[in-house]
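Inspection log for the structure reproduced underneath, given as structure tokens.
The values are calculated or read from the model by the stated rules, or taken from the named source; none is laboratory data. A quick note: this is a predicted structure, and the numbers were derived from the prediction, not measured. Cβ sites come from the backbone with ideal geometry, for glycine too, and all protein chains shown count toward neighbours.
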Amino acid sequence: MPPPASRHVVVIGGGLAGLAAAEGLVRSAGIRVTLVEPTGRLGGVLATARHDGWLVERSADSFLAARPEGRELVERLGLADQLIGIEPGVRRALVFHGGRTVPAPAGFRLLAPGRIDGILTTPLLSAAGKFRVLAERFVRCRPAADSDDEPLEHFAVRRLGREAFDRLVQPLVSGIWTADPARLSMAAACPDFFQMERRFGSLWAGERSRLRAVGGEQAAGARYGQFVTLSSGMQTLPDTLGGWLEREGVRFITAAVTELNRAGNDSGGWNVSCDRAPALEADGIVMATPAPVAANLLGGVDQPLAEALAGIDYAGSAVVSLGYARADVSHPLDAAGVVVPRSEGRRILAVSFSSSKFPGRAPAGHVLVRVFVGGALDPQAALLDDERLVAIVRHELTDVIGARAAPRLVQIDRWTRAMPQYHVGHLQRLDLIHGRLRELPGLALAGAAYEGVGIPQVIATGQEAAAHVNRALEARLPARQEPA
């Protein structure tokens, strides 16, 4: 029997999912790991820029600590003392409506109303719109035969009414997924709310039950308190993990994988061809790339699997970060940010008040905001040239937050086809993908395209991919002889 240390796994992709997979494999005794990343930079879309006292997150600026994967990884890496939460005084969201920013209704959580007074007092809804939301508890559930999945827009309009969707749900959803809600799968993107209807008969009843379980109505707006970041920026996470992996013996190769094939023997192994490095032989593979990249590499290995992966759509967006002197912005910036409904006729999707949320994001006497543009409903916006894009953003920020002077800092980050879209049928597609993977032992997939786009979910896919490959490798080893 070859020594267990001879087992070799190649991780393709150096984003957070690939790094998490590499960590899981390293912690499995006896596995050598090679990580292949074409850019030479670890972390994928997680990146932090620093400019003369400004700290600008290029993509995600925080993660949900309620799930354990992100928090536990931070703790394993010795970064727990850097964890900071959103400032208590700004733990709420604003909605741009009628030329001004107003708070989202108290107790309203993405799709679920939790407080009657919040609905009755909100200026976002007309009297008829408020009545329709309050009547949600009396809306009949869908027949069981029709309840496998549903577009988010259809679900929200059916349960809450068109006005609540247009003025409240749609902008909140766009601020998370940059997706087309007419195509976004409730079962895949919002399973908790989807199950509320099935289990409780209404979102009102489901949310009230949840609030009782977590401590009453005071918890209705507490979700913002569950988001945390690192004081030195989110890039610290992949940088520190990459350093740990290197010290643990992981080999990093800067190259693009050009071809992937099963080994021509009974070992169950793989051959990995690269454009700037010698070919690799592997006992297992973790594909931690966007789904289209995985589809291209697996076309010659399993065509049905490749076709299923190619069917996962992606949307792009741009993040325009602007820094201002505090005196040049009239808005108090007393929230985590503001979302902008499409019904307002604007190009921007949302504005995150970075320097209000977290300390150390702007020099003294200055503020930093990050503006999100593009998404599935406005794909051309993210493709505008820099000058035009900044002009649109600055013009709209004049109305939204009263930013009238020239910014002191401008940074544009474009993410072309970076956000996977969980269209209706996504869970059925995943069933097909998992079924094909069972025919390919030693191969696993990881990343945001499958089980969730949040940082903890992405880490979880990497950890599960590592466990899957490790189980496959253990199954190939001859049974160990018990001592006499």
Whether any residue in the range 80-90 is among the small types (G, A, S), buried (at least 20 other Cβ atoms within 10 Å of the Cβ) and closer than 27 Å to F227 by Cβ is what I want to check. no
From the list D166, D180, exactly one residue is part of a helix (DSSP H, G or I) and either farther than 19 Å from R115 by Cβ or in the same structural domain as V373 (by TED's automatic domain parsing) (or both). Which is it? D166
Could you list, ordered by first residue, the pairs with Cβ atoms under 8 Å in which the first is in the range 193-207 and surrounded by fewer than 17 Cβ atoms within 10 Å (Cβ to Cβ) and the second is of a type in the set (D, E, K, R) and part of a helix (DSSP H, G or I), at least 6 apart or interchain? G201/R137; A205/R137
Breaking point among (1) in contact (Cβ under 8 Å) with a residue 40 or more places away in the chain; (2) buried (at least 20 other Cβ atoms within 10 Å of the Cβ); (3) not assigned by TED's automatic domain parsing to the domain that holds S321, for H468: (1)
Go through (1) within 23 Å of F372 (Cα to Cα); (2) at pLDDT 95 or above one by one and return the number of the condition A179 breaks. (2)
Return only the number of the condition from (1) surrounded by fewer than 18 Cβ atoms within 10 Å (Cβ to Cβ); (2) at pLDDT 95 or above; (3) of a type in the set (G, A, S) that A222 does not satisfy. (2)
Does L298 qualify as being at pLDDT 95 or above and over 24 Å from the mean Cα position of the chain (by Cα)? yes
Kindly provide the set of residues from the range 362-420 that are part of a strand (DSSP E or B), of a type in the set (S, T, N, Q) and modelled with pLDDT of 95 or more, ordered by number. Q411
If we keep just the residues of the range 358-372 that are buried (at least 23 other Cβ atoms within 10 Å of the Cβ) and over 19 Å from the mean Cα position of the chain (by Cα), which is farthest from A405 (Cα to Cα)? F358
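Against the condition under 28 Å from W415 (Cβ atoms) and either among the aliphatic types (A, V, I, L, M) or in contact (Cβ under 8 Å) with a residue 24 or more places away in the chain (or both), how does A279 come out, does it pass?
Answer is no for this residue.
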Across (1) at negative phi; (2) crowded, with 18+ Cβ neighbours inside 10 Å; (3) not acidic (D, E), G375 clears everything bar (1)
Given the conditions (1) closer than 22 Å to G201 by Cβ; (2) within 29 Å of the chain's Cα centre (by Cα), which single one is not true for A135? (2)
Boolean, A475 is closer than 21 Å to W270 by Cβ and modelled with pLDDT of 95 or more: no
Could you count how many residues in the range 235-266 are small (G, A, S) and without any contact (Cβ under 8 Å) to a residue 12 or more places away in the chain? 2
Identify the residue in the range 242-276 that is small (G, A, S) and modelled with pLDDT of 95 or more and, among all such residues, is nearest to G15 (Cα to Cα). G242
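Which residues, counting only those in the range 156-166, are of a type in the set (K, R) and either modelled with pLDDT under 95 or crowded, with 24+ Cβ neighbours inside 10 Å (or both)?
The one that is of a type in the set (K, R) and either modelled with pLDDT under 95 or crowded, with 24+ Cβ neighbours inside 10 Å (or both): R159.
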For the range 431-446, name all the residues that are hydrophobic (A, V, I, L, M, F, W, C) and either in contact with an Asp or Glu (Cβ under 8 Å, 6 or more places away or on another chain) or not in a helix (DSSP H, G or I) (or both). L440, L443, A444, L445, A446
